[in-house]
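Single-structure report; data block below.
The values are calculated or read from the model by the stated rules, or taken from the named source; none is laboratory data. This structure is a prediction, so every number in the text was calculated from the model and none was measured. Reconstructed Cβ throughout: ideal geometry from the backbone, glycine too, with neighbour counts over all protein chains shown.
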Amino acid sequence: MIEVYCDESRAETIYGDESTDRYMVIGGLWIPHEKRKKVKNKINYLKKKYDINHEVKWKTVSASKLPFYVELVDFFLESKYIRFRCIVVDSHKVNMKLYHNSDAELGFYKFYYLLLQKWCEGNETYRIYLDYKQNKLGDRLSVLNKILNNASLSYVEDVIALNSEESVFIQLADILIGAVGYKFNGYDSENAKKVIINQIEDFLEDPIQPTPSSERKFNVFKIILR
């Protein structure tokens, strides 16, 4: 079984809320079930080592705790079994009226489908966790589950809402998603976040940018909307 832990950054850009940003990012971590405990123990060890007693996310990256974030991201980058994939959505080109019945929530979960369907592959079983979100319709996740199963040879056992405060995996996903969003939205200040950006780019030996579909460690897919 593969467990997938997902979050999003700057979703307000497609919901019509006021935002200075252009790009929304939805992403997730793919972790084999048998490695789950090992990954969780390592992240909790790092939090204890650096006296981190709160939820970690991209917004909490700071100079005072930078060594923790550097070591956490390094753990992900060097891990042979944790994979990251995200999609980047240009909110200026999202036509909610034409393609999503003027329903931003529907459009949002269609983008989640595009994130997940590509990597729910083979004969694997998947359990997918999304950061908890208050929805207008209560069946959004069950519908997503059904559509993923209809579109894939793999089996999606469940799509579950989970509060990010309860999941160190969603917290790690948030940091990586935040880094991608920071880069695509043109932020370039010399601060702790820029250190994390540079760390990821040094590992990739490339800027954070759209990657080939074959990229298996840090996959970035920028959706082409016309």
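With respect to the conditions (1) buried (at least 22 other Cβ atoms within 10 Å of the Cβ); (2) within 29 Å of residue 145 (Cα to Cα); (3) at pLDDT 95 or above, residue 34 falls short on a single one, namely (1). Would the range 197-207 turn up any residue that is crowded, with 17+ Cβ neighbours inside 10 Å, of a type outside the set (S, T, N, Q) and part of a helix (DSSP H, G or I)? Yes, the range 197-207 contains a residue that is crowded, with 17+ Cβ neighbours inside 10 Å, of a type outside the set (S, T, N, Q) and part of a helix (DSSP H, G or I). Once the range 155-169 is narrowed to residues that are surrounded by 14 or more Cβ atoms within 10 Å (Cβ to Cβ) and small (Gly, Ala, Ser), the residue that is farthest from residue 138 (Cα to Cα) is 167.
Scanning the range 121-137 for residues that are buried (at least 17 other Cβ atoms within 10 Å of the Cβ) and either free of Cβ contacts under 8 Å to residues at least 60 places away in the same chain or of a type in the set (Val, Ile, Thr) (or both) turns up just one, 128.
For the condition surrounded by 12 or more Cβ atoms within 10 Å (Cβ to Cβ) and closer than 27 Å to residue 194 by Cβ, what is the one hit in 94, 89?
The conditions single out 89.
Restricting attention to the range 124-157, the residues that are part of a loop (DSSP other than H, G, I, E, B) and touching a Phe, Trp or Tyr at 6+ places or on another chain (Cβ under 8 Å) add up to 2.
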